[in-house]
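**Student:** Before we start, here is the structure in question, set down as structure tokens.
The values are calculated or read from the model by the stated rules, or taken from the named source; none is laboratory data. Just so you know, these numbers come straight off a predicted model, no measurement behind them. Reconstructed Cβ throughout: ideal geometry from the backbone, glycine too, with neighbour counts over all protein chains shown.
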Amino acid sequence: MSTLKERIETYFASTSAIEDPAAMSAFEELRAALEWGEIRAAEPDPESPTGWRVNAWVKQGILLGFRLGHLTPSGDGLPCIDKHTYPVRRFKPEDGIRVVIGGSSIRAGAYLAKGVICAPPMYINAGAYVDEGTMIDSHALVGSCAQVGKRVHLSAASQLGGVLEPINASPVILEDDVLVGGNCGVYEGTVVRRRAVLAAGTILTRGTPVYDVPNGVVHRANAEMPLIIPEGAVVVPGARAVSKGKGQDWGLSLYTPIIVKYRDEKTDLSTALEDLLR
């Protein structure tokens, strides 16, 4: 009997999968496994240069679900229309997940571990993985396939971009004990190592160099590697002067994130409030 991986890859490559009930069966099996945390779009791999392995076939399965789905009313009477393959997830008290009333939505195919807190309004998309003790604050977004570790806090209006295509691209990854300040944005497969702190308003993308002042280096993405924020780094929004042309003449500067320090006891004390919210 073919494995789930083999079936997903076959139906994803097929032009007639939409008419094959077996394709829907394979997708539903994948979606259930995602929701139970049994499979992930990306998972820790110490042998990988990034420390993470992308499971491209899982992302293929998520995209297959959009192809197989047809539009249907959703949202318990609200004026919402979506693919029937991705309804809103439902939870029970015994799941141990706290979804506070007030406009939050979690799509089918997302995994939330026990102890996760969702403050309204927030949104978690299909393929995302949110581990134990994490808090998703108001107006926060966890995009498709984003991987969020244990005891992470996504503060109000922070965003983790979704990465479904290209298929083999790394999703956004936040490792354990990361603190993301309000109005932050982490996009394009950026990896934020454990215990890092992103100050309010920090934006991280593949094209954004990060200036590491304590170590005197610049962290950048390249063709093979995403942007990686080191363990324990404290990143703040900054600026660098334009060094040529009219930008220099006009005294302009460009936004850039800056690592100003690495997490220490003082930083930990300043973030102790997080424990009181859980």
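**Student:** In segment 171-222, which residues are in a strand (DSSP E or B), among the aliphatic types (A, V, I, L, M) and either surrounded by fewer than 19 Cβ atoms within 10 Å (Cβ to Cβ) or on the phi > 0 side of the Ramachandran plot (or both)? Talk me through it step by step, then tell me what you get.
**Tutor:** First pass over segment 171-222, keeping only residues in a strand (DSSP E or B): 173-174, 179-180, 185-186, 191-192, 197-198, 203-204, 210-212, 217-219.
Within this subset, residues satisfying the condition of being among the aliphatic types (A, V, I, L, M) are 173-174, 179-180, 186, 191-192, 197-198, 203-204, 210, 217-218.
Result: 203, 217, 218.
**Student:** Quick check: anything in segment 66-78 within 21 Å of residue 32 (Cβ to Cβ) and charged (D, E, K, R)?
**Tutor:** Yes, because at least one residue in segment 66-78 is within 21 Å of residue 32 (Cβ to Cβ) and charged (D, E, K, R).
**Student:** Is it the case, given these coordinates, that residue 243 is in a loop (DSSP other than H, G, I, E, B) and over 29 Å from residue 61 (Cβ atoms)? I'd like the intermediate steps shown before the answer.
**Tutor:** Values: in a loop (DSSP other than H, G, I, E, B): yes; over 29 Å from residue 61 (Cβ atoms): yes.
Spelling it out, residue 243 is indeed in a loop (DSSP other than H, G, I, E, B) and over 29 Å from residue 61 (Cβ atoms).
**Student:** Where residues in segment 96-127 are hydrophobic (A, V, I, L, M, F, W, C) and touching a residue at least 60 places away in the same chain (Cβ under 8 Å), which of them is farthest from residue 65 (Cα to Cα)? Talk me through it step by step, then tell me what you get.
**Tutor:** Start the filter on segment 96-127 by keeping residues that are hydrophobic (A, V, I, L, M, F, W, C), which leaves 97, 99-101, 106, 108, 110, 112-113, 116-119, 122, 124, 126.
Next, from what is left, pick out any that are touching a residue at least 60 places away in the same chain (Cβ under 8 Å): 108, 110, 113, 117, 126.
Working: 108: 11, 110: 13, 113: 23, 117: 27, 126: 10 Å.
The extreme case among them is 117.
**Student:** State whether the residues of segment 127-134 include one that is over 21 Å from residue 227 (Cβ atoms), hydrophobic (A, V, I, L, M, F, W, C) and touching a strand residue (DSSP E or B) at 6+ places or on another chain (Cβ under 7 Å). Spell out how you get there, then give the answer.
**Tutor:** Just the residues of segment 127-134 that are over 21 Å from residue 227 (Cβ atoms), to begin with: 130-134.
Within this subset, residues satisfying the condition of being hydrophobic (A, V, I, L, M, F, W, C) are 130.
Pick out the ones that are also touching a strand residue (DSSP E or B) at 6+ places or on another chain (Cβ under 7 Å) and you get 130.
Within segment 127-134 (the criterion being over 21 Å from residue 227 (Cβ atoms), hydrophobic (A, V, I, L, M, F, W, C) and touching a strand residue (DSSP E or B) at 6+ places or on another chain (Cβ under 7 Å)), the answer is yes, since at least one residue qualifies.
Conditions tested, residue by residue: (1) free of Cβ contacts under 8 Å to residues at least 12 places away in the same chain; (2) under 30 Å from residue 222 (Cβ atoms).
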| site | (1), (2) |
| --- | --- |
| 17 | no, no |
| 22 | no, no |
| 29 | no, no |
| 33 | no, no |
| 38 | yes, no |
| 45 | yes, yes |
| 71 | no, no |
| 94 | yes, no |
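**Student:** Quick one: which strands (runs of 3 or more DSSP E) lie wholly within segment 1-120 and hold at least 2 residues that are surrounded by fewer than 17 Cβ atoms within 10 Å (Cβ to Cβ)?
**Tutor:** 42-44, 71-74, 80-83
**Student:** Right, residue 22: at pLDDT 95 or above, in contact with an Asp or Glu (Cβ under 9 Å, 6 or more places away or on another chain) and among the aliphatic types (A, V, I, L, M) or not? I'd like the intermediate steps shown before the answer.
**Tutor:** On the way: at pLDDT 95 or above: yes; in contact with an Asp or Glu (Cβ under 9 Å, 6 or more places away or on another chain): no; among the aliphatic types (A, V, I, L, M): yes.
No: the conditions fail for residue 22.
**Student:** Here is a further query. Which condition number in (1) in contact with a strand residue (DSSP E or B) (Cβ under 6 Å, 6 or more places away or on another chain); (2) under 25 Å from residue 43 (Cα atoms) is the one that residue 201 fails?
**Tutor:** Residue 201 satisfies all of (1) in contact with a strand residue (DSSP E or B) (Cβ under 6 Å, 6 or more places away or on another chain); (2) under 25 Å from residue 43 (Cα atoms) except (2).
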